[in-house]
Amino acid sequence: MYEILGLSPCTWLLALFMTYALILTYKTLVERDLVKAIIYSAGQAVAYTLALVMLAAPDLVLAYVAVGVGMYTALFLFVAARTERYEHVEPPGEEVNKP
Amino acid sequence: MIAELVWSYIYVVTIAVIVLSLYGMATRPNLLKKLIMLSILSDTGNILAVLIGVKSGVIKPPVFPGVSFTHHPEAGTESLARFAEEAVDPLPQVLVVTAIVIGLAVLIFLSYIAMLLYRKYGTLDVRLIEQRIRSGGGR
């Protein structure tokens, strides 16, 4: 069987995709624009899908690529469209519109 | 040596994603950002469960040897031993299929609650929601 440094190529690709998922999780965490954060998390779901391919779980890939890339993104975009697009991390000032 | 290093690296990265998403859920004030980090957390838990089922060095799908659409061989001791030797553990994969769908249902429910909160208080920021609840009611 074909090997690179004593490991199958699947394992190296698994490490690569998990690194990719870690980077995209960090980008999701620091992003203030929520639509961009949702797109980053969809990219992270793509990385997890490819990692599941490398983990020899084709049935999980079929379920997860529909849920993770499709349904989660559509759901979060729907919520972002109905509510607000930007998050404000700095503490809020005095309440302006007090009843 | 390199194989153990790479497998430890994969586990460390998975734990790091879990820690990052927990940190994001704890510190970000926006409810939608919390939901996004919660989805990442549940998916990473699923990936970790599948990853535990993989014996290091063996990555083959859990398909019983010799089974095709038309041919179903008898499950003898030696074929079972060969299956356990050369395939990943199928039990976490079976559990995770259910967990993915349940996670989707939970997230839809939480998104609905977040949208109701936005309709009542006019913001998704949990600090502002707390202020407005303390000052007595909606926007």
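The values are calculated or read from the model by the stated rules, or taken from the named source; none is laboratory data. None of the values given here were measured: they were computed from a predicted structure. Positions of Cβ are generated from backbone atoms using ideal geometry, with glycine treated the same way; all protein chains shown enter the neighbour counts. Side chains are part of the model used for accessible areas, which takes the heavy atoms of the whole protein and leaves out ligands, DNA and RNA. Shrake-Rupley method; radii C 1.70, N 1.55, O 1.52, S 1.80 Å.
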Some residue of the stretch B:20-34 being farther than 30 Å from B:Y112 by Cβ, part of a loop (DSSP other than H, G, I, E, B) and free of Cβ contacts under 8 Å to residues at least 24 places away in the same chain:
no
Among the residues of the stretch B:63-84 satisfying the criterion of being touching a residue at least 12 places away in the same chain (Cβ under 8 Å) and in a helix (DSSP H, G or I), which is nearest to A:L55 (Cα to Cα)?
B:F83
Listed residues B:S111, B:S39; which is touching a residue at least 24 places away in the same chain (Cβ under 8 Å), within 30 Å of B:V126 (Cβ to Cβ), touching a Phe, Trp or Tyr at 6+ places or on another chain (Cβ under 7 Å) and within 11 Å of chain A (Cβ to nearest Cβ)?
B:S39
With more than 7 Å from chain A (Cβ to nearest Cβ), open to solvent by 20 Å² or more (accessible area, probe 1.4 Å) and at pLDDT 95 or above as the only criterion, which of B:V19, B:V58 stands out?
B:V19
Just to be sure, is A:D33 at negative phi, within 7 Å of another protein chain (Cβ to nearest Cβ) and not hydrophobic (A, V, I, L, M, F, W, C)?
no
Out of the residues in the stretch A:13-22 meeting the condition of being buried (at least 16 other Cβ atoms within 10 Å of the Cβ) and more than 7 Å from chain B (Cβ to nearest Cβ), tell me which one is nearest to A:L55 (Cα to Cα).
A:F17
Single residue of A:Y86, A:Y72, A:Y64, A:Y40 found to be surrounded by fewer than 15 Cβ atoms within 10 Å (Cβ to Cβ) and among the aromatic types (F, W, Y):
A:Y86
